[in-house]
Every structure is written in C-alpha cells, then in structure tokens.
Amino acid sequence: MPHRDPLPLTRHTARNVLARHGTTAPALTEKRLRELLESHLTLSPQDRVNCVNLFMLDTANLNGYAPQKRNRVNAMKLIIGNKNYSSWSLRGWLAAKQSGLAFEEITVPLYGEEWDHLRRADDLAPSSGKVPILWDGKGPDAPVVWDSLAIIDYLADKVGRDRFWPKDDVARAMARSMVAEMHSGYTALRSTLPMNIRKRVEGVEITPEVRGDIVRILSLWAEARARFGKGGPFLFGTFCAADIIYAPVVSRFMTYGVPVPGFAMTYMEAVWTHDWMQAWIDAAESEGWTIEQFEEPAR
Ligand SMILES: N[C@@H](CCC(=O)N[C@@H](CS)C(=O)NCC(=O)O)C(=O)O
C-alpha cells in the first residue's frame, strides 16, 4: 500500500525519480518533487525522516530554498548526528539551547548507508563531514562554526559570556579548564564506552585507563560542586558550558552503570531531568537508527 503522507520521500527514491526525469534537486520546487515522488511510496516513518533531512541538506544552499520553515531563513541552522549516539552533537545542541536563540536543527544519520554521500554535502564541507556544525544564517557566506567548543565560544560571543560561563573569575577559570580537558582528553572513556542513550549495559568491564578517567572526572565534579555549586544543582550552580560538555558523560555513566558517589548521582539526576536533556532523550529513544559498532562497549 503506498503511503500518502505529506513527506513521502527517501533519498533513494528521490534520486531515482529525479534521475529518470532528468532533473536535480536544485531545479525543483518542493511541490514538484512531491508530485514526482507520489507514486513511489512504501516507506517507513524513519525513511521519511531520513529523506527530509537529506533533501534539506541537498537543497539548503540553494538561494534560500528549504522545504521546511521557509519563514525562518535567518535563523541559525544546527546540523547534528543521531541523538542516541552523537555525544558531540548533544553538546552543540545544548549550546544552541543555552544561547536562547532560535535555531533549526537537522539530524543526519551517521554511518548509515547514505553517510558517505551525506558527509560530502556542502553544508558539512567546512567541518569535513563532522557534526555538529552551526550555520548562522543562510548562504555560503554565512558564518559557520564547527566543533562543539567553537560553537560554545561563538554563541557566548553572540549572546554574552555570562549565559555560558560562571561570572566569578576563579570559578570561570576552573569551568574553562574542565571543558578543555573534556574536549581534548578522556580518550579511554570516550573510545571504550560510547554514548548510547537508549541502552543499559550490566557488568561492563572497566579497564584501569577508563577507571582513571572516571576518577578524574568525579574528582573535578566534586571540587566544582563543593567550591562553586551553591547556587543550584549543576557543577557551578546554574547550568553552564561545563554541564553542556559533561552531559554525554552523565549519559555514559547511566548506560554502563558506572558506580558513583551520592553527590555525583544527585548531579547526574539534575542533568538527566533537565528539560532540554529530556527532550533530547525522548528524541533519541524514538530514533529508528542503530549503529552496530556503538551497541557494545569497545574491547
Ligand atoms: N571535536 C569535534 C568532534 C566532532 C565529531 O567527531 N563528531 C562525530 C559525531 S559525535 C562525527 O561527526 N563523526 C562522523 C565522522 O567522523 O565521519 C567536536 O567537538 O565537535
């Protein structure tokens, strides 16, 4: 039974049909594309999501054409990976939320069958095919920022440092250092225990290297909370860049049942139940993509 849904597209279908009609996405209107594709549809909801995302990437650089949200052409656009797995995307997305600015998000499925093609799209060229990447406006001359930490810095410049960093110099120095350490380090933890929001794994083996990372993180959390956490439940009291950058660690600790002391559990609960995290988790849980290599801890 063909679907008659409003977004009846997959990339394969789109490509095949377009090729058969001797046309390419740039030449099309959304309406015409729908007409061309109407008769080719036996698609899952996930296929439809994929296709819309991919179609948007294909057309995003074309003179303001975008099939969705055309009235928000000046809004920022954040391209992220699968919400279940992409820890750097979570950081970029939380940063965009923290900025308070409107942004359009596009989720692209990492490492899926279209990934090789997708990562070469114009919109991902500045990051050489990595997410997250933030476009501040439309067109090739719009400011573009890739890398989660650069996105935090860019947005803090735009909306004011105090939204992202503690006001106090001593606290801010520590927060910045913690963020930098996460961004450049903890490779054992990051490579061995990949983020997988949906999953719970029991009895995972914690290597000495991973244990070292965990102990270091817990000691930094403890110090930040003890010295600067009086104003709220987060590392430096109110939610800031440090919480953004450590949010995927919270998820990893939950997924792999890493035993943590009470203060850390309380902190993790604060992060996990934060409205933005809950929205991200809900979306991760309803994603249909599975990336096999991230389904098990690495050996
Ligand atoms: N240092 C970058 C890392 C970005 C990154 O490696 N992102 C991953 C997803 S979590 C990615 O795009 N992987 C796709 C690939 O490497 O092909 C950041 O902070 O944003």
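Only the coordinates and a few stated rules stand behind these numbers; no lab work does. What you see is a predicted model; the values in this text were computed from it and never measured. Note that we place each Cβ from the backbone using ideal geometry, even for glycine, and neighbour counts take in every protein chain shown.
Converting the Cα gyration tensor eigenvalues of the stretch 70-159 into ellipsoid dimensions via √(5λ) gives semi-axes, longest first, of 20, 15, 12 Å. Exposure proxy shown here: for L110, L118, the number of other Cβ atoms within 10 Å sets the order, fewest to most, as L110, L118.
Working ranking of peptides 278-284, 90-96 by packing, defined as the average number of other Cβ atoms within 10 Å per residue, highest first, is 90-96, 278-284. For the peptides 246-259, 75-88, 225-238, the ranking by packing is 75-88, 246-259, 225-238, with the highest mean count of neighbouring Cβ atoms within 10 Å listed first.
Where both bridge residues fall in the stretch 70-159, DSSP classifies roughly 60% of the beta bridges as antiparallel.
How much length would be gained if the chain were fully extended between T207 and A298, taking 0.36 nm per residue of separation minus their Cα-Cα distance, in nm to one decimal?
Numbers: separation 91, 0.36 × 91 = 32.76 nm, distance 1.09 nm.
Taking T207 through A298 to full extension adds about 31.7 nm, to one decimal.
Taking 7 Å steps out from each Cα toward its Cβ at R216 and A279 produces label points 3.3 nm apart.
As a rough footprinting exposure proxy, the listed residues L134, L218 were ranked by other beta carbons within 10 Å of their own, and the order from fewest upward is L218, L134. The residue among H117, L101, G129 whose Cα reaches farthest toward the positive pole of the charge dipole of the stretch 70-159, with charges on the beta-carbon of Lys, Arg, Asp and Glu, is L101. Under the rule a/c < 1.5 gives rounded, and otherwise a/b versus b/c splits prolate from oblate, where does the stretch 171-223 land using the Cα gyration tensor? Prolate, because a/c is 1.5 or more and a/b exceeds b/c. Both radii come from the Cα set of the stretch 165-294: Rg as radius of gyration, Rh as Kirkwood radius; their ratio Rg/Rh reads 0.96.
Ranking V204, M182, T238 by how far each Cα lies toward the positive end of the dipole of the stretch 97-246 (charges on Cβ) leaves T238 at the top.
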